[in-house]
Each structure stands twice: as C-alpha cells, then as structure tokens.
Amino acid sequence: MELTKRINRIQVSPTAVVISAAEQLKAKGVDVADFGPGEPDFPTPDHIKRAAIKAIEENRTKYTPTGGIMPLREAIVAWHARELGSNYTAKECAVNVGGKHSIFNVICVLIENGDEVILPAPYWVSYPDIVKYAGGTPVVVHTRQEEGFSAKAVDIARAITPRTKMVIINSPSNPTGGVVDAEEFHRILALCKKHHLWLMGDECYSHFVYHPHKPFSIASATDAKEHVIIIGSMSKTFAMTGWRVGYTLAPEPLIQAVVKIQSQSTSNPTSIAQYAALEAMRGRMDTVPVMLAEYAKRRKRIVEGLRAIPGVTCEWPGGAFYAFPNIAPHLEGHKALAKSCTELSQQLLEKAQVALVPGDAFGAPGYLRLSYATSLERIDEGLRRLNRFFARAEAAA
Ligand SMILES: Cc1ncc(COP(=O)(O)O)c(C=O)c1O
C-alpha cells in the first residue's frame, strides 16, 4: 500500500509495542512482571469519577467549544497559577485530548519543513516522531547520568543553529526522572529569548517530584510568556490516563492556531472527561501526596534492587515514576548478553517474563526503563527475576 512520506517517517510508539507484547503474554496466562506502562496504577479519585457520572446524568454529552468549556479553561489557569505560580488568562489556554495531543498540535502549528527542535536525550519517545511528522528535524543533545540526566543550558547553546525553532524540556523527565532545577531552567529560558526560540515545558509529571525538589514551572518567570509554551496533563497527577485530557498554555495567537487545527481534527475533548477534569482542577488534591509517598517507597526499593545487580548502575530519579538503569557493561565484550538493549529487553520478556522498555527507544542505548507505577510486591518479584536472569547469564558466559 502506498502511504504518505509523512507517515513513513514515523514509527509506532515503542512503549506501545512493549505494552502490547506483554499483554499478549498475559492473555496466554503468563505471569509477567510488568514494568512497561507509564501510567499510575492508582484509580482515578472518587470525587472526579462522580463529577463525570453527574455530567452524564445531566446530559452534558454534546459538542463543546473546540478548545474546551470556558469553566475548565478558567479552572486550569487558576490551578496553574496556584500550584506553579503562572499568570495566564483563559484565552491563553486550550484543552486538548491528552498532553500528547497538546504537543502534536503545537508542533504542527509551529514547525515547518527543515526547522530544528532541540531535544535533550534521553527524551520521551514521541517528541522526535511528532517533530518528524511535522517536517522538522529533531536535534538531540545528550545529558549525563552523573548529573542525574538534567538538561544543561550550555549543551543546548552548542546545538543552536539558524534553523532552531524550539527547545523541549520535560522536567521531571520520562524516561529518566531527571529534574531541571529552577536556576538552570532560567538559563535555558534566557537562551531561548536571546535566540528567539520557543521553550516548550512538558509538565506532565510536575507534581511527582521527590525531596529536595519542588514542583516548578518556567511559566512562573516574570517575563516568560512570549517564549514559553506549557504542556500539562490530567493523566499522571490525577491518575486519569484513559480520560484523555491535557492542556496548552501559550500566547493567545498560538492558542487560536491550536484550536484551529483541533477544529479540523478531533474537535473538542470528550465532554464528560472535561467535567471530570474540571473537578480535578477545582477539587481537593489529597490523593496526590498519597500517590507520591507510595512512589517514593517504590523508588527506594527498585533503585536499591537494581544497584545490587552486578554490572548495573542506577541514579536516583528526581521525579516521575521511572528508574533508568545503565546496563551497558552487559552489552560489551565477549561476555555480552545481547547486541543491544532492545535485544536484551526481548530476552528479558521471553526468558524472565519481565517487561520493560529498552533505552534505544529514548535515544539512550545501554539503558532500560522500568516504570515503578506498580506494587512493591510486583517490584520485588521483578527484581528477583532480574537477579536470576543476570546471575544465570553470568554463569553461562
Ligand atoms: C513526558 C510525557 N509527556 C506527555 C505525555 C502524554 O500524556 P497524556 O497524553 O496521557 O496526557 C506523557 C505520557 O506518557 C509523557 O510521559
């Protein structure tokens, strides 16, 4: 079949591939220790679910304004101001069908053929493909494990060319949990201002940060607005991945363009989900620290467990719910277990029934991503299997 060049430039999200391989095994009755999914294992809070049920009962089941109902746009900017210190109006906010859709829309309206977008690596899987789909060129800037995979302004500065249009900073990061501190973020903003670049801040994990980090948005900088685009999501903070609600905060003309593309594609995000999101924004947030405390326990267990495996090093993720161990020594020399981390992750699924995502997917060969959005019991089981796998492989080599 002849498909467009556009679609042939991109691939199916590698995380979706892993999740589907694990699901196939589970369907056959195999007990998989699943570190694949990047989604909270907690239910959506009751008060949010009740708001959606009420919306259905009140027949709020029709089209809404394309960019989202006005009360939700107002509630999002109020929430963002309260939680993260920004200063947006409802006209500077659009509600989208998840944060990924927000990113897709923004890139489609800002990136032309040949434009360059700087992505600190390890990067979230979807950024390069969305950029390529729009005709742009992803320009990868490497971060360092020993610096907690935190993006640095000096490295970004070196990658800027006359074609650079945007820098994307995802803090805390998926896949590394790396956090960019406020000072460094300000340096990156200064760089973007100097070179007239857009700075996109992907804040999907903003509220999952561990001591000593605090939730931070670059939109809190006094003179940020003209250069900054904020991407937010209900998915992680409120355990609402399936509801598909995200948002964009940006200067009004950009929001209008986002609404224009949305008007010719998805139209409004699901009406019922918008009412649920409205409750998330206005209601109590007591489930967030509860989830965070649980993630903190799991983080300790998994990082310590991974560090105990010979030939594996692992940083403490500053936020999010991913551990990102370096397994490069196991891919080197005559004792190598596999040629690549992708091959190793396939072996882990087949031989040890452990599902995880290879670092290759994130522009980081030699690493694996393990989501610890799963119970302590399953983490322990997964670690047992990993220990057994590496010990056996070591003995056989
Ligand atoms: C860094 C990052 N940005 C954006 C998203 C998109 O989330 P959603 O589309 O569910 O809002 C994800 C989801 O995994 C993510 O990890």
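Data for the structure
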{"read-out": "On Cα atoms only, tilt of 70-84 relative to the major axis of the chain in degrees", "value": "60"}
{"read-out": "Burial ranking of peptide ranges 251-262, 318-329 (average Cβ count within 10 Å, highest at the top)", "value": "318-329, 251-262"}
{"read-out": "Sequence of S20, S150 once ranked by neighbouring C-beta atoms within 10 Å, starting from the fewest", "value": "S20, S150"}
{"read-out": "Helix 252-263 vs. the chain, principal-axis angle (Cα, 0 to 90°, nearest 10)", "value": "70"}
{"read-out": "Folded to 0 to 90 degrees: helix 182-194 orientation relative to the chain principal axis, Cα", "value": "60"}
{"read-out": "Ranked list, fewest to most other Cβ atoms within 10 Å of each Cβ, for M281, M1, M166", "value": "M1, M166, M281"}
{"read-out": "Mean residue ellipticity (222 nm) of the chain, computed from DSSP H runs ≥ 4 via -39,500 (n - 2.57), nearest 500", "value": "-13000 deg cm²/dmol"}
{"read-out": "Rounded D (µm²/s) - segment 152-309, Kirkwood Rh over Cα pairs, Stokes-Einstein at 25 °C, 0.890 mPa s", "value": "139"}
{"read-out": "Ranked packing of 288-294, 75-81, most packed first, by mean Cβ within 10 Å", "value": "75-81, 288-294"}
{"read-out": "Long-range amide H partners of W198 with built H, under 5 Å", "value": "M166, V167"}
{"read-out": "Candidates per GluC sites (Glu not before Pro) in segment 327-397, loop by DSSP, up to 12 other Cβ within 10 Å", "value": "E332"}
{"read-out": "Amide H contacts under 5 Å for S233, placed H, 5+ residues apart", "value": "Y247"}
{"read-out": "Ranked packing of 30-42, 95-107, 5-17, most packed first, by mean Cβ within 10 Å", "value": "95-107, 30-42, 5-17"}
{"read-out": "Measure of compaction for the chain (Cα Rg per 2.2 N^0.38 Å)", "value": "0.98"}
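Coordinate-derived values only; no laboratory data. What you are looking at is a predicted structure, and each value in this text was computed from that prediction instead of being measured. A quick note on method: Cβ atoms are made from the backbone with ideal geometry, for glycine too, and the neighbour counts reach across all protein chains shown.
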